[in-house]
Amino acid sequence: MEYLPSSEGILKKVLGYGYQIHPEALKILESLDDEKALEVLGSFSARFPEAIVIEIKHVEGILEKSPFKKAAETGEFRLKLSGKVTQIYDGSGLIQRCPKCNRWIIDNFCMVHSDVEGIWDLRIKARFDDGKERYTLIFKKDMTEKSADITLEEAKKLGEAATLERMRETLIGKHFEIGGVKLKGGNFLVNDIREV
Ligand SMILES: [Zn+2]
């Protein structure tokens, strides 16, 4: 019987990460060179935090992301930045979303679905400067609540203008260490933030 150290190594790695893997997905990983296969495994938890079984669609999804070579080369898609928030863009703060398509809407009116009952949400789109480059940061609700130290309920009581003002006061000009994921359009999705 032929001994295949490389593929056995990959299965071991998968199990070592605590995952199970679909046989077809394992075949795809085995068809890659070791480095690439480990790169896919390394980014799996960031891409599919809920999954415990690695399916073909996961592997294919990660491989499609290969344009993000730079981040992938570190083994994960997570990146760390250190710098200053220099601007909070309009459309940040307490916003409404269409319950049908999740678009940002104003006054319970969706461009596609007309009159709807908007759902309140929090988000921040901010400019970030690390001294060399500028980035556009995107904060979803949980990271917005954490970084601006405000909950959705509190924001609803404060109102839109006061919420945005509070976010500007809390964030602009301060130094942060940020962890996150670079998105397709070049924006940076924040999933960890710490004032330094
Ligand atoms: Zn809509």
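Structure values in brief
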quantity	calculated
Complete set of residues in segment 136-157 that are surrounded by 14 or more Cβ atoms within 10 Å (Cβ to Cβ) and charged (D, E, K, R)	LYS140, LYS141, GLU145, LYS146, GLU154
Residue list for segment 93-124, restricted to those being under 22 Å from ALA162 (Cα atoms), touching a Lys or Arg at 6+ places or on another chain (Cβ under 7 Å) and among the β-branched types (Val, Ile, Thr)	ILE95, ILE105, ILE119
ILE106 being among the β-branched types (Val, Ile, Thr) and exposed (fewer than 14 other Cβ atoms within 10 Å of the Cβ)	yes
Positions within segment 79-112 being over 20 Å from the mean Cα position of the chain (by Cα) and within 16 Å of the ligand (Cβ to nearest atom), in sequence order	GLN96, CYS98, PRO99, LYS100, ILE105, ILE106, ASP107, ASN108, PHE109, CYS110, MET111, VAL112
Index of the failed condition, GLU160 passing every other in (1) surrounded by 12 or more Cβ atoms within 10 Å (Cβ to Cβ); (2) more than 18 Å from ASP90 (Cβ to Cβ)	(2)
Wholly within segment 75-130, strands (runs of 3 or more DSSP E) carrying at least 1 residues that are closer than 27 Å to SER43 by Cα and modelled with pLDDT of 95 or more	78-88, 119-129
ASP142 vs. criteria assigned by TED's automatic domain parsing to the domain that holds GLY186 and either among the aromatic types (Phe, Trp, Tyr) or farther than 24 Å from ASN187 by Cα (or both)	no
Identity of the residue in segment 151-196, within 30 Å of LEU63 (Cβ to Cβ) and among the basic types (Lys, Arg), that ends up farthest from the chain's Cα centre (by Cα)	LYS184
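The values are calculated or read from the model by the stated rules, or taken from the named source; none is laboratory data. None of the values given here were measured: they were computed from a predicted structure. Reconstructed Cβ throughout: ideal geometry from the backbone, glycine too, with neighbour counts over all protein chains shown.
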